[in-house]
1. Is it the case that residue 604 is touching a helix residue (DSSP H, G or I) at 6+ places or on another chain (Cβ under 7 Å) and surrounded by fewer than 14 Cβ atoms within 10 Å (Cβ to Cβ)?
2. Please pick out the residue among 685, 716 that is in a helix (DSSP H, G or I), modelled with pLDDT of 85 or more and either assigned by TED's automatic domain parsing to the domain that holds residue 659 or on the phi > 0 side of the Ramachandran plot (or both).
3. Would segment 613-625 turn up any residue that is free of Cβ contacts under 8 Å to residues at least 12 places away in the same chain and touching a helix residue (DSSP H, G or I) at 6+ places or on another chain (Cβ under 9 Å)?
4. Please go through segment 451-460 and pick out each residue that is in contact with a strand residue (DSSP E or B) (Cβ under 8 Å, 6 or more places away or on another chain) and either in a loop (DSSP other than H, G, I, E, B) or free of Cβ contacts under 8 Å to residues at least 12 places away in the same chain (or both).
5. For residue 612, only one of the following conditions fails: (1) farther than 17 Å from residue 759 by Cβ; (2) not in a helix (DSSP H, G or I). What is its number?
6. Go through 392, 347 for me and flag whichever is without any contact (Cβ under 8 Å) to a residue 24 or more places away in the chain, over 14 Å from residue 425 (Cα atoms) and part of a helix (DSSP H, G or I).
7. Answer yes if at least one residue in segment 423-441 is in a helix (DSSP H, G or I) and buried (at least 19 other Cβ atoms within 10 Å of the Cβ), and no otherwise.
């Protein structure tokens with residue numbers, strides 16, 4: 001169906017079929033409407049004729065009734081009350097005019113005589129019949145008696161005044177319906193309404209077509225024109241008329257079966273379907289013949305296109321037929337030549353680096369797989385991944401053109417260093433890989449790598465610029481450290497990563513590094529999900545004002561229990577989160593959780609400052625301050641109770657932007673603390689310009705300050721420096737009571753560490769604060785304080 005030939009055939013045949021179908025449907029629809037219209041007209045005309053017949057019969061019957069009423073003997077018998085004579089005369093006259101019922105009533109409506117059974121309801125309505133007879137003596141009047149429909153006529157008996165009324169009834173039966181139907185030429189039915197039920201009292205239809213009787217029309221709906229109606233199981237075209245001008249309870253239905261109405265249409269339809277089917281079959285035969293001739297050149301072009309698809313470009317395409325097909329064949333010939341050229345170029349580009357011309361990662365992995373397959377029992381294959389550590393700085397300072405020249409020169413040096421069986425490729429922006437297949441020992445690989453690094457570190461002279469590279473390498477050697485191509489490439493990069501972290505020039509893959517790498521990947525992958533699912537927790541470590549011995553605040557510390565790895569240290573997952581760009585998401589979670597907890601503590605009358613650690617990217621984010629202020633407003637927490645801790649190195653990445661964002665929050669009341677002070681590289685001039693409120697001495701100096709004079713000197717100098725700058729000083733990592741006493745003597749403002757309490761759950765903070773206030777405030781001596789601290793630390 002998707003071929004051009006089939007589509008062409010479908011198009012031709014479809015157009016013919018659509019044209020014939022539209023024409024056929026239009027003609028048949030017009031014919032059907034004309035046939036139905038003629039039938040409706042016939043019914044309409046027949047209804048007028050039938051109504052005239054009924055009226056003519058009524059006139060004759062009315063005359064017959066009037067003759068009896070005017071008969072002298074009958075009038076004399078009525079005036080004298082001679083009942084036998086009345087009945088005899090009435091019976092004789094009834095037989096002569098085929099009357100089925102005869103009633104004689106006086107002027108008061110009382111029955112005098114009757115020739116048949118008397119219906120009390122009919123006698124009660126006798127006055128109505130006499131009134132209607134006076135008003136329209138020649139009109140038919142109908143009534144139901146004992147389930148049968150009668151046509152009644154009334155005439156006054158005068159002697160000379162009206163002394164009585166004679167009423168004759170003529171039954172409406174199937175014989176009357178057949179008489180009218182034979183004269184009119186259609187089926188006729190008389191319908192009478194008896195209460196809420198319409199009843200077919202006389203009809204030319206078969207008995208099964210008389211039920212169900214159509215519903216009684218609404219007033220005024222009779223004589224509205226022919227309509228379709230189901231009578232029994234057959235559909236009829238029906239026209240109905242009222243037999244009395246002011247009474248629609250008796251109606252005359254003229255009916256014609258739908259199959260008789262549509263018989264002429266069906267004949268025309270069958271003929272036209274036969275003609276159309278024959279024409280369509282002939283059109284299909286002609287279309288098939290023409291389609292084959294028209295698509296033969298296309299078949300040749302399709303075969304040629306398949307050869308091009310399969311990569312066969314040598315055979316030229318020769319197509320006959322019209323000029324258009326010959327031109328198309330020539331175009332395809334030119335196309336396959338250009339496709340062959342481009343495919344060769346693309347194949348080269350797919351496996352080679354455009355800048356250096358070296359093979360790329362895909363080609364390197366393929367080459368490595370081949371080397372591993374050919375390596376003998378004594379041959380080892382070594383993968384060395386080389387990283388240019390300062391390429392980014394070279395691009396930033398000297399421009400990308402110099403950076404590209406450095407990459408090309410590096411590729412040239414590595415290529416010159418290759419011996420028979422060695423390969424070099426470019427892995428990425430600043431990484432190369434060398435593949436060695438030599439009968440060497442495992443210990444030879446680091447020496448070979450060191451020699452290559454020394455060669456690469458020799459300065460490049462590019463124009464008037466001498467460039468020296470910072471090189472790091474990672475090694476993986478088969479079969480001891482790997483056996484598959486992708487595995488060895490990955491492990492060599494793991495070794496490179498380990499060398500960069502340990503700040504060594506060369507790193508060799510260590511057994512177990514794979515597990516560490518998988519652990520890092522699993523942590524990085526699952527941490528984002530843990531943040532989204534609110535699977536993290538906060539622990540809080542109290543901070544004590546040394547002078548007043550009161551718990552003034554806590555530091556919020558994030559905790560995570562991995563579902564498979566168990567508890568994961570923040571020192572492990574926070575740096576990984578920063579490396580993957582998810583630190584802001586983590587900080588937002590900690591901020592919300594901590595500020596919400598501050599709100600809950602305040603409802604419990606626990607007033608504490610909460611310190612929260614920020615990552616390097618948070619403080620330079622322009623929208624970070626708005627997030628903090630919005631959370632404080634949402635949970636109705638005073639901004640002065642929030643302390644944001646940030647390291648020196650993080651602020652020094654962009655001190656101007658950091659200072660601007662910090663100042664906006666500081667104006668709102670948020671305080672800032674420099675965390676791990678003493679481990680960074682900030683100058684005092686930069687420190688003085690930052691809007692901070694306190695310094696937090698790193699635990700590496702505090703933990704041994706009571707034992708090491710150098711550490712004690714650093715702590716003392718930092719406290720003095722902070723106070724001189726107008727800052728509060730916090731000592732973290734206070735693990736010994738002697739350290740706390742020394743900090744008190746040095747005038748340190750706050751202390752935080754295990755000597756006071758380990759980090760605790762949020763639910764334990766309130767009880768700890770109350771107990772700490774009682775124990776510490778009552779400790780008015782050094783020994784008492786030491787015992788109080790011991791109790792608190794054991795409790796925490």
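The values are calculated or read from the model by the stated rules, or taken from the named source; none is laboratory data. Bear in mind the structure is a predicted one, so any value in this text is a computation, not a measurement. FYI the Cβ positions are ideal-geometry reconstructions off the backbone, even for glycines, and counts take in every protein chain you see.
1. yes
2. 716
3. For segment 613-625, residues free of Cβ contacts under 8 Å to residues at least 12 places away in the same chain and touching a helix residue (DSSP H, G or I) at 6+ places or on another chain (Cβ under 9 Å): absent.
4. Result: 459, single match.
5. (1)
6. Working: 392 fails: without any contact (Cβ under 8 Å) to a residue 24 or more places away in the chain.
Step by step, each of 392, 347 is checked, and only 347 is without any contact (Cβ under 8 Å) to a residue 24 or more places away in the chain, over 14 Å from residue 425 (Cα atoms) and part of a helix (DSSP H, G or I).
7. No, segment 423-441 has no match at all.
Yes or no, residue by residue, for (1) under 17 Å from residue 431 (Cβ atoms); (2) touching a residue at least 40 places away in the same chain (Cβ under 8 Å); (3) surrounded by 14 or more Cβ atoms within 10 Å (Cβ to Cβ):
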residue	(1), (2), (3)
477	no, yes, yes
486	yes, yes, no
494	yes, no, yes
503	no, no, no
506	yes, yes, yes
511	no, no, no
520	no, yes, yes
